[in-house]
Amino acid sequence: MKLSHIQIQTNNIQETTAFYKNILELPIIEKTAESVTIQAGNSNLKFVEKPQFNSIYHFAFNIPENKLDEAIEWCKSKVDLIFIEDQKVITNFENWNANAIYFYDNNGNLLEFIARNDLDNAQTEAFSPKAILNISEIGIVNENPLELGKQLITQHGLAFFSKNANSEFFAAVGDDEGLLIMVKPNRNWYPTQTPSESNPTEVSIGNNGNFIELSFL
C-alpha cells in the first residue's frame, strides 16, 4: 500500500514552507497563498492554512533500511531529535523489524524517520533528502480504531498490518510501504506526552492497482 498524497492543516503556511524547504531540504511542488505541496520521495505532502488550527499530526517517512545512523548525523544540525531514554534516540520496533527516530516540525507535528529491515531498499549513496523514500505512516485518530480498520478493509480491499497486534486502542492498516496508524483520542503519541486529537486529514492511496481517496475528520 502506498500513501501517494497526504493533506493536513497548518496555521502558518510561510513558516511551514520554510521548514520543509530549508531545514528538511525537500522540493516544493506547488505554493499558493493558502497552501504548499512538498515532495517527499514518491509521496506528496500538502499543508493547507487554517489560521485557527491549533493541534498536531503524526506522520513518518520511510528511509533506506541501512541509513538510520547517517540520518541521525544529518538531523543533528537541523532538528532536535527526541530522546527515548538515557540519551538514546533510536526506537527498535522488534515485531515490525524496524528502527525509528523522531523529531518535530515547525508546527509541533511529530515526524519520524523509519528504517524497515524487511524492505529491500538499501542505498550506497550518503544520506541526503533524496534518501527520504515516501510517506510511510499517517496517524488517524478515531473513537474505535479497530472498527475503522474493519470498515476500510471491507470498503476498499485493504488489510490490517500483519506485524501489528491490532486492538480497539491501536490498529494499523497497510504494509511496510504505507500504513494508516489509527489510535483512540487522547492516547499519547509515542514517544511524547502529547495526546492525540482528531484533525482533518485527506489521504490518497495506491493499493494493488486501485486508487483510493479517504477523508478523516
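Read-outs throughout are calculated quantities, based only on the coordinates presented, and are distinct from any laboratory measurement. Bear in mind the structure is a predicted one, so any value in this text is a computation, not a measurement. Cβ sites come from the backbone with ideal geometry, for glycine too, and all protein chains shown count toward neighbours.
Could you tally the net charge around residue 205, taking each other residue with its Cβ under 12 Å from the Cβ of residue 205, Lys/Arg +1 and Asp/Glu -1?
Result for the local shell: -3.
What percent do you get for the relative contact order of the chain when only Cα pairs under 8 Å and 6+ apart count?
Once normalised by length, the contact order is 24 percent.
Any chance you could tell me what percent of the C-alpha pair distances in the chain go past 21 Å?
52 percent
Quick check: convex hull over the Cα atoms of segment 90-191, volume per residue in Å³, rounded to an integer?
Convex hull of Cα atoms, per residue: 121 Å³.
How much net charge surrounds residue 146 when only the other residues with a Cβ under 13 Å from the Cβ of residue 146 are counted, with Lys and Arg +1 and Asp and Glu -1?
With Lys, Arg at +1 and Asp, Glu at -1, the net is -1.
Segment 35-100: which GluC sites (Glu not before Pro) are DSSP loop and have at most 16 other beta-carbon atoms within 10 angstrom?
94
What whole number of Å gives the distance from the Cα centroid of segment 6-43 to the Cα centroid of segment 102-120?
Segment 102-120 and segment 6-43 have Cα centres spaced 16 Å from each other.
Could you please report the charge total around residue 20, scoring K, R as +1 and D, E as -1 over all other residues with beta-carbon less than 13 angstrom from its beta-carbon?
0
What number, rounded to the nearest 500 deg cm²/dmol, is the helix-based mean residue ellipticity at 222 nm of the chain, given -39500 (n - 2.57) per DSSP H run of at least four residues and division by all its residues?
Result for the chain: -3500 deg cm²/dmol, rounded to the nearest 500.
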